[in-house]
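Just below is one structure, and these are the notes that go with it.
Here, each number is a calculation from the coordinates, and none is a lab measurement. Treat the numbers as computed from the prediction; the structure is a model and nothing was measured. Cβ coordinates were reconstructed from backbone atoms using ideal geometry, including for glycine residues, and neighbour counts include every protein chain displayed.
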Amino acid sequence: MITPKWLENAVFYNVYPQSFYDSNGDGIGDLNGITEKLNYIKDMGFTAIWLNPFYESSYRDGGYDVTDFYKVGKRYGTNADFKRLCTIAHQKGIKVCVDLVAGHTSLECEWFKKSCCTEKNEYTNRYVWTDNWLNIYNGECIGGYAQRNGAYMKNFFYCQPALNYGFANIDEPSWQLPPEHPDCRETKREFINIMEYWITLGADGFRVDLAASLIKNDYDGRAIIKFWREIRTIFDEKYPECVLISEWSHPSHAIAAGFHIDFLIHTVFPAYTSLFRAEDERNVPRIFFGNSFLTPEETVI
């Protein structure tokens, strides 16, 4: 893995576009507003910015429910505005990293609408679906939504259908696919294309939302580490200066997977009652809040 020189001393400033600076008076922050405030960011001593999602979205989860990964949301501006932001930021010595929401989309995404169809098409397996609308898989899936006879897996909220990167450990072979399945590989290729697209417009790297969660039933993390290592190998050859930052909260796994930095947050299953409980991940409900997977030896008070 190649580590860009600029990253060694980088100081990041996180920008949530909607609430940062409004350049046109419509009450919503936008990309041109960020561009106008680059000197302010630079004067504070920051050398890089991390932008929360600015893609076209249904905005039911702060932009983390994307409808079009190739398009800036209308409220934030245009793709040309993003390119201009990157150009001017680079002139001022500021790098630009963007949020990549790789685990799910919005219900309004055209991919999902096509995946809902009864007729088989190229998006049929783009998302995780059970084989029957009554099979909600321990409460992780939502049935009765689509014409097809299946329940879609959600990530967190009902409005975030899970993209299908496969299952590392298959317990229902009638509908669960391995990561090596061509349809799962195609989902991965699509996101590589998305990353390459924003790089061409000037992005210097990506902060990957919930990077460890893409492959399901991956109890030891080996499958997802392999997944990201393959992407890192491609990027080392084509985009060696591209930075990858994970939201993983497990630095040893994230670095092994090819990320330069793990965006470490002590939250969800490592947190809350984690100081007081120790359970096997496979034996607890797939609702992580309040559960701990620490052993007594790992627990520190």
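The gain in end-to-end length when the ASN79 to ASP22 segment is fully stretched comes to 18.8 nm, 0.36 nm per residue minus the alpha carbon separation. A Förster distance of 51 Å, applied to the separation of the beta-carbon atoms of ARG189 and ASP43, puts the FRET efficiency at 0.80.
Please sort through the DSSP H helices of the chain and keep those with an alpha-carbon extent of at least 20 Å along the long axis and a Kyte-Doolittle average not below -0.5. If you can, show how the numbers build up before the last one.
Numbers: long enough: 182-200 (27 Å, -0.78); 222-238 (24 Å, -0.47).
Length and hydropathy pass: 222-238.
Under 18 Å from the 7 Å Cα→Cβ point of TYR197, by amide nitrogen: which residues of segment 86-101? 86, 97-101, by backbone N distance to the label point. Measure out, as a whole number of angstrom, how far apart the alpha-carbon centroids of segment 70-130 and segment 19-56 sit. The two parts, judged by their Cα centres, are 19 Å apart.
Summing -39500 (n - 2.57) over the DSSP H runs of n ≥ 4 in the chain and dividing by its residue number, what mean residue ellipticity at 222 nm do you reach, to the nearest 500 deg cm²/dmol? Could you put the intermediate results ahead of the total?
Details: 8 runs with 77 residues, N = 301.
Here the helix-only value at 222 nm equals -7500 deg cm²/dmol.
Using alpha-carbon positions, what is the distance between the centroids of segment 147-166 and segment 188-267, in Å? If you average the Cα positions of each part, the centres end up 22 Å apart.
Highest mean first, the peptides 252-261, 188-197 sorted by other C-beta atoms within 10 Å per residue fall in the order 252-261, 188-197.
Going highest first, how would you order 76-85, 155-164 by mean Cβ packing within 10 Å? Numbers along the way, then the final one.
Numbers: 76-85: 19.1, 155-164: 20.8.
So the order, starting with the most tightly packed, is 155-164, 76-85.
Tell me, in nm to one decimal, what length is gained between THR87 and LYS113 on full extension, where the rule is 0.36 nm per residue of separation less the Cα-Cα distance?
Details: separation 26, 0.36 × 26 = 9.36 nm, distance 3.53 nm.
In short, 5.8 nm is gained.
Only one of [x] 18.0, 55; [y] 18.9, 55; [z] 19.9, 57 was calculated from the structure for Rg and Dmax of the Cα atoms in Å, and its label is [z].
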